[in-house]
Amino acid sequence: MTRNGQGIGADAHAAHDVFPVDSTAFRPAAPPMVSVPPTASVVPSATVMRLGDLLVRLNRLSARDLEQALVAQGEIGDLLGRVLVRLGLLTDVDVARALSVQLRLKLVSADDFPKAPLQVPGIEPDYLLAHSVLPLAIEDGKLYVAMSVPQDDFTIKALRLATGLRVRPRIAVESELRGALERLYAPAEDDEPEEDAATPGFAGGDSEFVEHLKDLASEAPVIRFVNQVIAKVIDLRASDIHLEPFEDGLHVRYRVDGVLQEAERADAALAAAVTSRIKLMAHLNIAERRLPQDGRIKNRVQGHELDLRVSTLPTVHGESVVMRVLDRASIRLQLEDMGFSSDTLTRYRALIERPHGILLVTGPTGSGKTTTLYASLARLDAGALKILTVEDPVEYQLSGINQVQVQTQIGMSFANALRSILRQDPDIIMIGEMRDTETAQIAVQSALTGHLVLSTLHTNTAAGAIIRLEDMGVERYLITSSVNGVLSQRLVRRLCPHCRKPVALAADVMRKTGLARFMAPGTNMAYVAGGCAACKHTGYLGRTSIHELFVMDAAAHEAILSGADATTLHNVARKAGMLTLYEDGLRKVAAGVSSLEEVLRVTQDQSNA
C-alpha cells in the first residue's frame, strides 16, 4: 500500500488492486454520495475485481485505454487512478466514484467537509496535510476521515494508534480534499514572509522563484482550473483558448466558429500559476517570462485526442497564452465534406490530378487552408506516389505521407528542407506556407521539373496570389508556366438546423445583395439565426467553406504577361466563369446553409466586387 496518500486509485506496485464489486452502485448519472453500510470493510473479500477491470466492466473505460494506462503507469510509477486522470481518460470524480464501488465505502463531496478544522487529540495538522487525511467527525468512539486513498492500511493504523479511536475512512475526490486541507490546516499566509511572486526580486533569487512557480503550478486548484479550461473546448467546439492577464484578473475566452466568446475569469493572483502550469505541460521554460515561447501539449479529453499548440507572449500584466486546439477526431479529410459547390469541386479535382505545376490555397489565418491541403493529399494515392510535406508545425499526421517539421532554430527552414526533399525523388510536395522569395523560387523550379507542388499564401483573393508571387521575385513568365490555379477560401458559420428561422426578403434587398441570381424563380425565403440549447443560443452550429477558384487559362496567361494588376486579373477570371467568395457565399444563403449576415461579415471586403 502507498504510505504517502498522494494520488487517486490503487497501489502502483499492485498495478490495480483487487476489491469487491457492486456494479449496481455505479452509474454515470449517480449522485456524488454512494450509500454503504457503516460497517463496510476496506479489506478485500474472496470475490474480487481490480479497479481497471471494474472500470471496463462498467463501460467507463475501454480495454485498449486500460492497457495504455497500465503501460504509462509502469513508466510513471504512480497510482492507476491518478494515471487515468493525467491521461485524460477519466476525471478524478469518475475514479473516486469507481473506488467507492470497489471498496464499498461512502463517497463524500466538498459539501460534506467541515467548515472549521476538527481538532483530533494526538494528531498534528502537519500529519493530516502530509498524508491527505481530513477528519470529518468523532462519534461513539469512531473517527470518520476523508481520504483519497482509503485503502492505505498504514495511515489508518497510525491514526488508530495515535487517537485510540476506531477509524472509519470515507472516499473523497483528491483535488477537493487537498483544497479543504489547505483551507483548514495549512499555515496562515501571515505566518510567511510577504513576497511578491510576480517580481524578479522574489527571496532566494531566480532558482527559488522558479521552484515557487512549480509549486504553485502543482497545486490542486490550479491543475483543476487548467484541466477544466481545456476540457471545455470539447463542449464548446472551440478552436482556440485565450488566457489573458489583466489588472482585474485572468480572462478566459474561447474562439467558437471563428468568433471569440467570453468565459470564466480567475483571480489575478492565479495568473502566474496557471501560466506556469500550461508552460510545464508544454515543456516550456517557466523561468523565461520576458520572451515569447511556443510549445505543444498532447492531451486526451473525453475520449478526444487533442493537440494544443501553445503560444505565450509577455504583456504588461503577465504572460498572455493562446492555445490552438487541434482535435484529431474532428478533422475532415474528404473534399466532399468541406463545403465545395459541385462545379468548383469538379474543377479543383482536375487541378490536383495534374502531374506537375503549382496549386495555391489562399486566405487569412484560420480559414482552413491547411485542412484543404490535407484533404487534397488524402485524395491522392500515397501508395503509388511519393508525397512529401514541409510544415511548421506538422498539425496532423497523415498515413503514407512523409512529413517534415521545420525547425528554424537549427537552420531547418522551408527553403533548406525543400532543397533536401528534392533529392528524395518526390512526386508531390506540399509546402506549409510560402514565406519568402527563396521558398517561392524553389517551388517554381520544382513545378517546372515535373513535380506537383501544393502550398498556401496569405492573400485576400485568388488573383491576389499571382501579384504576391511577383512581389516575391518570381518572374511573370515563370508564373504562367508553373501555376495551375489558386483556390481562395473562407469559413462561414452554419445556421443551427434546430432553430434557424425562415424570413421573406424584400425584392430590393435581393437585388442589392445579388441574392436574386441564386434563388429559385419565385422564391424570396432565406433563413436567419435563432438560438437554442444545441447551439449555445448563438444560432450557429459548426462552419463550412466558401471558395473562389482561379484557373490559369489562356486569358489569364495573356493578362499576367501584360503586367495586369490584381483587379484586372480578378475581372479576367470572373469573365471566364469564376464565382467570387461573396457569390459562393450567396449560394450558401440560398441553400439555407448560412445567413446573409454571416456571409457579409466574412466577405465584407468583396461584397461590392
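The values are calculated or read from the model by the stated rules, or taken from the named source; none is laboratory data. This structure is a prediction, so every number in the text was calculated from the model and none was measured. Quick reminder, even Gly has a Cβ in these numbers, built from the backbone with ideal geometry, and neighbours come from all protein chains shown. Please note that ligands, DNA and RNA were not included when accessible areas were found on the heavy atoms of the full protein model with its side chains. Shrake-Rupley method; radii C 1.70, N 1.55, O 1.52, S 1.80 Å.
Out of the residues in region 554-588 that are of a type in the set (Val, Ile, Thr) and closer than 22 Å to Thr346 by Cβ, which is surrounded by the fewest Cβ atoms within 10 Å (Cβ to Cβ)? Selected residue: Val572. Residue count for region 539-553 under the criterion of being open to solvent by 10 Å² or more (accessible area, probe 1.4 Å), of a type outside the set (A, V, I, L, M) and out of contact with any helix residue (DSSP H, G or I) (no Cβ under 8 Å at 6 or more places or on another chain): the result is 3. Looking at Ala197, is it among the small types (Gly, Ala, Ser), at pLDDT below 55 and farther than 19 Å from Asp126 by Cβ? Answer is yes for this residue. Of note, Ala273 satisfies the criterion of being of a type in the set (Gly, Ala, Ser), out of contact with any strand residue (DSSP E or B) (no Cβ under 7 Å at 6 or more places or on another chain) and surrounded by 16 or more Cβ atoms within 10 Å (Cβ to Cβ).
Conditions (1) more than 26 Å from Pro135 (Cβ to Cβ); (2) out of contact with any Ser or Thr (no Cβ under 9 Å at 6 or more places or on another chain); (3) at pLDDT 50 or above, marked per residue:
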residue: Leu58; (1), (2), (3): yes, no, yes
residue: Ala69; (1), (2), (3): yes, yes, yes
residue: Ile76; (1), (2), (3): yes, yes, yes
residue: Lys115; (1), (2), (3): no, yes, yes
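Where in region 113-191 are there helices (runs of 4 or more DSSP H), lying fully within it, with 1 or more residues that are under 22 Å from Asp94 (Cα atoms) and more than 41 Å from the chain's Cα centre (by Cα)? The helices (runs of 4 or more DSSP H) meeting that bar number zero. If you go through region 176-188 one residue at a time, do you hit one that is at pLDDT 80 or above, crowded, with 21+ Cβ neighbours inside 10 Å and acidic (Asp, Glu)? Within region 176-188, one or more residues are at pLDDT 80 or above, crowded, with 21+ Cβ neighbours inside 10 Å and acidic (Asp, Glu). Criterion applied to Ser100, Ser109 was being in contact (Cβ under 8 Å) with a residue 12 or more places away in the chain, more than 19 Å from Asn227 (Cβ to Cβ) and of a type in the set (Ser, Thr, Tyr), and the one residue passing it is Ser100. Here is the figure for region 446-471: residues that are open to solvent by 10 Å² or more (accessible area, probe 1.4 Å) and either part of a loop (DSSP other than H, G, I, E, B) or more than 20 Å from Arg347 (Cα to Cα) (or both) total 12.
Here's the yes/no breakdown for (1) open to solvent by 40 Å² or more (accessible area, probe 1.4 Å); (2) more than 18 Å from Ile428 (Cα to Cα); (3) of a type outside the set (A, V, I, L, M, F, W, C); (4) outside any strand (DSSP E or B):
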residue: Phe340; (1), (2), (3), (4): no, yes, no, yes
residue: Ala350; (1), (2), (3), (4): yes, no, no, yes
residue: Pro364; (1), (2), (3), (4): yes, yes, yes, yes
residue: Leu373; (1), (2), (3), (4): no, no, no, yes
residue: Ala384; (1), (2), (3), (4): yes, no, no, yes
residue: Leu388; (1), (2), (3), (4): no, no, no, no
residue: Pro393; (1), (2), (3), (4): no, yes, yes, yes
residue: Tyr396; (1), (2), (3), (4): no, no, yes, yes
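For region 219-270, taking the residues that are among the polar types (S, T, N, Q) and more than 30 Å from Val599 (Cβ to Cβ), the one that is surrounded by the most Cβ atoms within 10 Å (Cβ to Cβ) is identified as Asn227. If I ask for residues that are surrounded by 15 or more Cβ atoms within 10 Å (Cβ to Cβ) and under 23 Å from the mean Cα position of the chain (by Cα), which ones from region 398-426 would you list? Within region 398-426, Leu398, Gln403, Val404, Val406 qualify. Once region 282-307 is narrowed to residues that are modelled with pLDDT of 85 or more and open to solvent by 40 Å² or more (accessible area, probe 1.4 Å), the residue that is nearest to Val325 (Cα to Cα) is Arg296.
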